[in-house]
Amino acid sequence: MASRNQNKPPAPRSPVNKNRVADDAPLDKRRKIGAGRIMSSTSSSRGRQALAPMTNQKDASVAPSETAGSESEIIEYTKEMGDALLNEKFKGKKFDSKAKQEWVTGYMNRLKECIKWFQKCLQDLTEEKDNLREMLDSSERKCVETEAAMKIREEELNATISKLETNVSSLKESLAKEESEKLDALDSHKREKEARMALEKTQDSLKEELGRAEQNALNANEKVKTQEDMYKRLQEYNTSLQQYNTKLQNELKAATDANKQVEKEKSAILENHSTLRGHYNMLQKEFTSAKDSRDDAMKQKEAAKKEVDILRGELQQVRDDREKQLLLVQELTSELNTCKERTGRTVAEVDTLITRSTALEDTCSSQREQISLLQHQLAAATQKLKMADLSSSEIRTEFEEQKRIVSDLQDRLRDAEIQLLEGESLRKKLHNTILELKGNIRVFCRVRPLLPDDGPAAEATVSFPTSVESAGRGIDLYQSGQKYPFTFDKVFDHNATQQDVFMEISQLVQSALDGYKVCIFAYGQTGSGKTYTMMGLPQAPLQKGLIPRSLEQVFQTSQALAVQGWKYKMQASMLEIYNETIRDLLSPRSSNGAEGGGAGKYVIRHDAEGNTCVSDLTIVDVCSIREVSNLLQQAALSRSVGKTDMNEHSSRSHLVFTLRIYGVNESTEQQAQGVLNLIDLAGSERLSRSGATGDRLKETQAINKSLSSLSDVIFALAKKEDHVPFRNSKLTYLLQPCLGGDSKTLMFVNVSPDPSSVGESLCSLRFAARVNSCEIGVPRRQTIKPLDSLNIQKKREMEETPKPEVVKITSTETWDSLLQQSKSHGTPIVAHFTASWCVPSVAMDPFIQEFASVFPDIIFVTVDVDDFKEIATKYEVKAMPTFLLMKGGVVAGRLVGANPDETKKRIETLLQSNTEFVV
């Protein structure tokens, strides 16, 4: 109880004594303290009253009245006052009895008052003690109740803590699971990131091809534009030639009129000189020749006028000669008049005239030849002009015809592409249906040819039935005279070539490109030809195995599908399972750590989609068959091979080649993800025949154990048991999606015709028959839907985004308003002058729309020159397409031709520069 009272709050102090100590001590101790207080109060009262006689010795009669008055007053006594009252003594005279009696009476009254006051204090303390005792009892009861409640609360808290500990443990387990799921998610995110990067690379290559196609289209448009420009120049040249011909005809008419005038003058002169003497007849003839020369000079003038640029000087010379001839004619006329008057001209003057006439004849003859040559040139030019008109019209007609043919071909090409896509989809559907009808696990059997080391009676162990039902599908095995018939999906005899074998599985390889998981593995005893069937001899084209031929088909088909818009990315990996450990055959360190061994480096994981991955396995991106061939050679050098009594080069491990195929078709928004697994299993063998010892013995035991586990899995699948022991072996755990999932699986069982291997061959055929009866899940195509939805969402966002408007000029008022806006606000304008009949101009319309979205601060307008010739004439637009780059209502640049890149560059320059420039 004492420990409980220590936690109690202090009791309130008594109003009677303010200096009292708090009642938190034990009861006996409080009693002593109360007695001490009483004694101290008495002594202090005495001390205080002792002062009264000393101060009032002269007036002793006052004491009784003061004593009586003090009875009615409440006096608080202290310890000092009680001590003083007890120690007080009479101070009067020794024999003054009356004063002593009065002092004793007063002293007794004061003692009574002090005792009354202390009794009252004691009563108050008793009451307070009772109150405190009651409070203590109630506090003790509350403490008991509180302790009981605390015990109950403690039990509840303990139960809650146990529950919380259980929750913490479960949360830790869920946290560990979430961390593992997080790691798996990070791995899948990494793979998705790699696939996204591959898709981005594919998109970049497609953009480059699209750029090249656009460049080819631009080149074709430029050629068409060149032909149109040539046709326009020919038209202009034809017009100029016609104008020139009209001008020459006018000049010819003027020259003919001049000749007529000259003939009139000639007749007048002849009439005037008819009276001359006979010896002037010769002069008359010479004058006639001069007249002819003058006519020739007039013709030379006409030819000179026809030559506008080249023969203008010669024409001027002809005119000068004509003037000189006129002067000569006038001089001759004057001389004839003189001769008529004087009737005698000397012979010397006649000789001079003859000489001059001869010179004129020579000049006229040379000019006549030049005029004839010019006429021939004019005729040739006229003929060329007619031919140019005809050729231009033919070119125009041929261009329209070619344009119509191209349009028809484009329509036919679109129809053919649609039919091709539909046919490809139907082919895939029918192909997958055929494979599903044949069975998900198909079994092919192949018997290798006889070897020199085989026994002489090898042919008697294996035979092939020839009946219609079993031809190509049946095989009979003989042991000790007993016949064992088997039937599989396909049986290849010893005459079958590698190409014959591959033709049967080529459709299955095609399924990998279509987005399915495909698995092909070879099974059989040592020396039965498994490695030859799967790998063959890569250096010999006719003896290549299934793996190199399958890869060649994959790459060839992917290139062929590129025409339909498919783009593929491929990744290859190779591993071997040696002594129940995994080895990476593509790793630079061929002696790396093994899963399940000391390092535990490689771990097989299966996700919810049925995909298999091996951690830390080397995965290589491959783009050509040459790269894959190099990887196969590297893996062949790293694979474990040993010599036994049954096979000189025996494979001592299981080889697994995996090719992951990622395909995307941007035109149809289809995506596919396929996997091709090609597996060469190690051969089963008997220790008694192989003669294996040491490491070879361990290898043989590991091989037989893994193949035995494979048999257990097949038997469990055939019986449709609830539990399938996939985890009994690395091989079966790795093949779990192929044997028990949604993969298309094919098994090759290889058989040796050697009589000493009949037992092993019989076991292999029985195992293959059991595999052929197994049924696994329906094959499922692997697609990547999130990317499809993302692409569709992006397209929707692009379609919903409003495109900037390109203003089409419908009136001259609209053009003037835009120019005024450009002047007042300084807004640049790019005007595209086009025509509906100009193919390059029409081809530039999509680029103008694209420029309008790229440069929102520029006004893009289109002007049809056929509707607004006045605007085109005002800005001297003569060819289409023409782009006017305007700023402030003034032409800052001009660009002619359909060149989107150059146009965009000039528009950027216009936007960045405030100065005028010339394009």
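Coordinate-derived values only; no laboratory data. Predicted model only: the values in this text are computed from it and were never measured. Positions of Cβ are backbone-derived with ideal geometry, glycine not excepted, and every protein chain shown enters the neighbour counts.
Relative to one another, the C-alpha centroids of region 840-857 and region 74-130 are positioned 123 Å apart.
Counting Lys and Arg as +1 and Asp and Glu as -1 over every other residue whose Cβ lies under 12 Å from the Cβ of SER711, the net charge comes to +2. May I ask you to derive the FRET efficiency for ILE625 and LYS483 from their Cβ-Cβ distance with R0 = 45 Å, giving the value to the nearest 0.05? Computed FRET efficiency for ILE625 and LYS483: 0.50.
For the cross-link pairs LYS403/LYS869; LYS89/LYS116; LYS490/LYS719; LYS483/LYS730, the ones whose C-alpha atoms lie over 29 Å apart are LYS483/LYS730.
Considering only the other residues whose Cβ falls under 14 Å of the Cβ of ASP389, what net charge follows from Lys and Arg at +1 and Asp and Glu at -1? Taking every other residue near ASP389 into account, the sum is +3. If R0 is taken as 30 Å, the Cβ-Cβ distance between THR382 and VAL406 corresponds to a FRET efficiency of 0.25. The packing ranking of peptides 387-398, 220-231, highest mean first, is 220-231, 387-398, where packing means the average number of other beta carbon atoms within 10 angstrom of each residue. Each other residue within a Cβ distance under 12 Å of TYR875 adds +1 if Lys or Arg and -1 if Asp or Glu, for a net charge of +2.
The label point for SER506 and the one for ALA471, both projected 7 Å from the Cα toward the Cβ, are 2.2 nm apart. Of the trypsin sites (Lys or Arg not before Pro) in region 513-553, not one is in a loop by DSSP (not H, G, I, E or B) with at most 15 other beta carbons within 10 Å.
Gain on full extension, evaluated as 0.36 nm per residue between THR814 and GLU669 minus their Cα-Cα distance, stands at 47.8 nm. Each peptide in 244-257, 888-901 receives the mean, over its residues, of other Cβ atoms within 10 Å, and ordering these scores from highest gives 888-901, 244-257. Just check region 802-912 against the gyration tensor rule for me: Cα atoms, a ≥ b ≥ c as the square roots of the eigenvalues, rounded for a/c under 1.5, and otherwise prolate or oblate depending on whether a/b exceeds b/c. Note, shape of region 802-912 comes out rounded. Given the pairs LYS874/LYS904; LYS177/LYS517; LYS823/LYS874, which span a C-alpha to C-alpha distance of over 22 angstrom in this model? Violating the 22 Å limit, Cα to Cα: LYS874/LYS904; LYS177/LYS517. With a Förster radius of 41 Å, plug the Cβ-Cβ distance of GLU145 and GLN119 into 1/(1 + (r/R0)^6) and report the FRET value to the nearest 0.05. My answer for the efficiency is 0.55. Here's the list of lysines a cross-link from LYS182 could span, going by alpha-carbon distance under 18 Å and ignoring same-chain residues fewer than 8 apart: LYS172, LYS190, LYS193. Taken along the Cα-to-beta-carbon direction at a fixed 7 Å, the label points for GLN499 and THR105 span 16.2 nm. In percent, rounded to a whole number, the relative contact order of region 802-912 is 34, using alpha-carbon pairs under 8 Å and six or more apart.
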